Amino acid sequence: MNGELIGYTYPKRVKGLVKHGRAEIVDDTEIRLLDLSPAENNLDFSEERNMNILNFNPSDFRINPQCRNSSYSKEVITDDFLNNLSTYKIGDWKWSWCQIDSDAKLEKNTDYLFRFAVAGGYNNTFDAVSRFIITKNSGIEDDYTGYNLAKSAYKPVLSKSTNIEHGWLRVFEVQFNTGDCDSFTFSFAVMHAEARIMPALDNEAYASLPDMDYAQLCEKIKADISKMHSNNSARKVNIDLSGAVIREETLQEIMQKFDALRGDDETGDINFNLSGTVIDD
């Protein structure tokens, strides 16, 4: 707003910012930011002038051959904005390791930005494993970089509540330089959770979705679990026969009747108070 250079961004984002009224065109090479959304306030616009943008494409990925027993599927879904998106759903609630890979030829000594969105990727026990991995096929063992997506340990640029399954959507932008290598493998790996990997829309397209970071997600999970336990809590039944005079066969009928209720959805413990009860033969 004060004429200071914030940084560089790419043409597609420029068009989106202008279209949504968040920037105005100054000249052929500059825009001026106007009303920023909270998500855009968190962006530092650090993309280089000639940044190469790579967006996740499920068609480029294949299941890792060592994960054939894991759950995975390519699916087209409709997102919150009625876009039909091709996605790759991987993982299950067991401890099965599921990984998909994609090989790519890139330019050496070049900056790239890999963008992708993830729906889900967590569980109710807070111990899911979720990673994005960039491997250099350089002939050097363990020449890779892992990005820990679980619990948003690697910070997403956007973290939102969504109508897509499991209700939590994050957009990641991973910047890297190829160095003296032109052969790479991109991988997504998940364990003990279900994650839907999909192409990322322009960041400003998500502005209408409510923000939800990992801490807020945890509070929601805990509240949902507490509510579920409250709704399913079994009631205790107390039968007070203290001081009563009752026939033995009648007492047996009563006990059999209530014993049949044990373990149903509504009845938990059944306690009989027989102190001082007189049983008449």
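The values are calculated or read from the model by the stated rules, or taken from the named source; none is laboratory data. Predicted, not measured: the structure shown is a model, and the values here were computed from it. We place every Cβ from the backbone using ideal geometry, glycine too, and count neighbours over all the protein chains shown.
Suppose we keep only residues that are touching a strand residue (DSSP E or B) at 6+ places or on another chain (Cβ under 8 Å) and surrounded by fewer than 22 Cβ atoms within 10 Å (Cβ to Cβ) within the range 201-211. Which one would you say is nearest to P65 (Cα to Cα)?
Checked the range 201-211; the qualifying residue nearest to P65 (Cα to Cα) is L201.
From the list N148, N163, pick out the single residue that is over 18 Å from F61 (Cα atoms) and out of contact with any strand residue (DSSP E or B) (no Cβ under 7 Å at 6 or more places or on another chain).
Of the residues listed, the single one that is over 18 Å from F61 (Cα atoms) and out of contact with any strand residue (DSSP E or B) (no Cβ under 7 Å at 6 or more places or on another chain) is N163.
Give Y154, Y144, Y122 a once-over and let me know the one that is under 20 Å from I53 (Cβ atoms), among the aromatic types (F, W, Y) and either in contact with a His (Cβ under 7 Å, 6 or more places away or on another chain) or in the same structural domain as D202 (by TED's automatic domain parsing) (or both).
On inspection, the qualifying residue turns out to be Y154.
Out of all the residues in the range 172-226, which are among the aliphatic types (A, V, I, L, M) and more than 21 Å from Y154 (Cβ to Cβ)?
A205, A207, A223, I225
Every residue in the range 194-214 that is under 23 Å from T9 (Cα atoms), small (G, A, S) and either outside any helix (DSSP H, G or I) or in contact with a Lys or Arg (Cβ under 9 Å, 6 or more places away or on another chain) (or both), please.
Listed by number, the residues that qualify are A200, A207, S208.
Under 6 Å between Cβ atoms, which residue pairs at least 6 apart in sequence (or on different chains) link something in the range 13-32 that is assigned to a loop (DSSP other than H, G, I, E, B) with a partner that is surrounded by 15 or more Cβ atoms within 10 Å (Cβ to Cβ)?
H20/E204
Among (1) surrounded by fewer than 16 Cβ atoms within 10 Å (Cβ to Cβ); (2) free of Cβ contacts under 8 Å to residues at least 60 places away in the same chain; (3) in contact with a Lys or Arg (Cβ under 8 Å, 6 or more places away or on another chain), where does W168 come up short?
For W168, the failing item is (1).
Would you pick out the residues in the range 76-106 that are exposed (fewer than 15 other Cβ atoms within 10 Å of the Cβ), at pLDDT 95 or above and charged (D, E, K, R)?
D103, K105
Any idea which of (1) surrounded by 18 or more Cβ atoms within 10 Å (Cβ to Cβ); (2) more than 28 Å from C218 (Cβ to Cβ); (3) β-branched (V, I, T) is the one V118 doesn't satisfy?
In the conditions (1) surrounded by 18 or more Cβ atoms within 10 Å (Cβ to Cβ); (2) more than 28 Å from C218 (Cβ to Cβ); (3) β-branched (V, I, T), V118 misses (2) alone.
If you check K155 against the conditions, is it of a type outside the set (S, T, Y), modelled with pLDDT under 95, surrounded by fewer than 16 Cβ atoms within 10 Å (Cβ to Cβ) and at negative phi?
no
Being surrounded by 12 or more Cβ atoms within 10 Å (Cβ to Cβ) and modelled with pLDDT under 85 is the requirement here; does L5 meet it?
Against the criterion (surrounded by 12 or more Cβ atoms within 10 Å (Cβ to Cβ) and modelled with pLDDT under 85), L5 does not qualify.
How about the range 116-191: which strands (runs of 3 or more DSSP E) wholly inside it have at least 3 residues that are over 16 Å from D79 (Cβ atoms) and not β-branched (V, I, T)?
129-136, 144-148, 168-177, 183-191
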